[in-house]
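A quick write-up on the structure given underneath.
The values are calculated or read from the model by the stated rules, or taken from the named source; none is laboratory data. No experiment lies behind these values; they were computed from the predicted model shown. Cβ placement follows ideal geometry from the backbone for every residue including glycine, while neighbour counts extend to all protein chains displayed. We work out accessible area using only protein heavy atoms, side chains counted, and drop any ligands, DNA or RNA first. Shrake-Rupley method; radii C 1.70, N 1.55, O 1.52, S 1.80 Å.
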Amino acid sequence: EEELVQSGGGSVDSGGSLTLSCGVSGYDYFGRCLAWFRQSPDKEREAVVETDGYGHPNYADSVKGRFTISQDKNTLSLQMNDLKPEETPMYYCAAADLFARNGRYACTSVYTHWGQGTQVTVSA
């Protein structure tokens, strides 16, 4: 069975760093478009970083230069630096299907697989 299992997270002071990990199993890691999202209780889900059909990251402007993803075998990691108190939601890794169209790889628009979520707390 395919699954996404998250680890990491926790608490950090403002300006500190945390690393989240998402282990992918049960299917071809490179046959999926992987991403990180975050959501606070009172706000809509927000994409932190998404990957295109070739695994290249597209970071949200709000985290660009501070957050970085990396892949190691079947694990996707999110390095978060210079964290701010307002960035204190649940973080989720997610996967959409990768497919070929017109000779190029592309991603579906819907994320069908999600990790269980990881709480991040940043104190002022």
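If only one of Val12, Val5 is modelled with pLDDT of 90 or more, open to solvent by 30 Å² or more (accessible area, probe 1.4 Å), touching a strand residue (DSSP E or B) at 6+ places or on another chain (Cβ under 8 Å) and assigned to a strand (DSSP E or B), which one is it?
Val5
Among what's in region 103-118 and is of a type in the set (S, T, N, Q) and farther than 23 Å from Lys64 by Cβ, pick the residue that is most open to solvent (accessible area, probe 1.4 Å).
Gln116
From the residues in region 16-45 that are among the aromatic types (Phe, Trp, Tyr) and open to solvent by 30 Å² or more (accessible area, probe 1.4 Å), which one is nearest to Gln6 (Cα to Cα)?
Residue satisfying both the conditions and the ranking: Tyr27.
Scanning region 88-102 for residues that are open to solvent by 10 Å² or more (accessible area, probe 1.4 Å) and not β-branched (Val, Ile, Thr), which turns out farthest from Gln6 (Cα to Cα)?
If we take residues in region 88-102 being open to solvent by 10 Å² or more (accessible area, probe 1.4 Å) and not β-branched (Val, Ile, Thr), then Asn102 is farthest from Gln6 (Cα to Cα).
I'm trying to understand the selection: among the residues of region 92-110, which are assigned to a loop (DSSP other than H, G, I, E, B) and out of contact with any Phe, Trp or Tyr (no Cβ under 8 Å at 6 or more places or on another chain)?
Asn102, Gly103, Ser109, Val110
Given the criteria touching a Phe, Trp or Tyr at 6+ places or on another chain (Cβ under 7 Å) and at pLDDT 90 or above, does Leu83 qualify?
No.
Gly55 fails exactly one of the following numbered conditions: (1) modelled with pLDDT of 95 or more; (2) under 27 Å from Ala100 (Cβ atoms). What is the number of that condition?
(1)
Which of the residues spanning region 76-87 are open to solvent by 30 Å² or more (accessible area, probe 1.4 Å) and either more than 11 Å from the chain's Cα centre (by Cα) or more than 27 Å from Ser25 (Cβ to Cβ) (or both)?
Asn81, Asp82, Lys84, Pro85, Glu86
Which residues, counting only those in region 46-75, are touching a residue at least 12 places away in the same chain (Cβ under 8 Å), open to solvent by 70 Å² or more (accessible area, probe 1.4 Å) and outside any strand (DSSP E or B)?
Those that are touching a residue at least 12 places away in the same chain (Cβ under 8 Å), open to solvent by 70 Å² or more (accessible area, probe 1.4 Å) and outside any strand (DSSP E or B): Tyr54, Lys73.
For every residue, the table says whether it meets (1) closer than 18 Å to Thr19 by Cα; (2) of a type outside the set (D, E, K, R); (3) touching a Leu at 6+ places or on another chain (Cβ under 9 Å).
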{"residue": "Val63", "(1), (2), (3)": "yes, yes, no"}
{"residue": "Arg66", "(1), (2), (3)": "yes, no, yes"}
{"residue": "Asp82", "(1), (2), (3)": "yes, no, no"}
{"residue": "Pro85", "(1), (2), (3)": "yes, yes, no"}
{"residue": "Ala96", "(1), (2), (3)": "no, yes, yes"}
{"residue": "Arg101", "(1), (2), (3)": "no, no, no"}
{"residue": "Gln119", "(1), (2), (3)": "yes, yes, no"}
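Determine whether Thr88 is closer than 16 Å to Thr121 by Cβ, assigned to a loop (DSSP other than H, G, I, E, B) and not small (Gly, Ala, Ser).
yes
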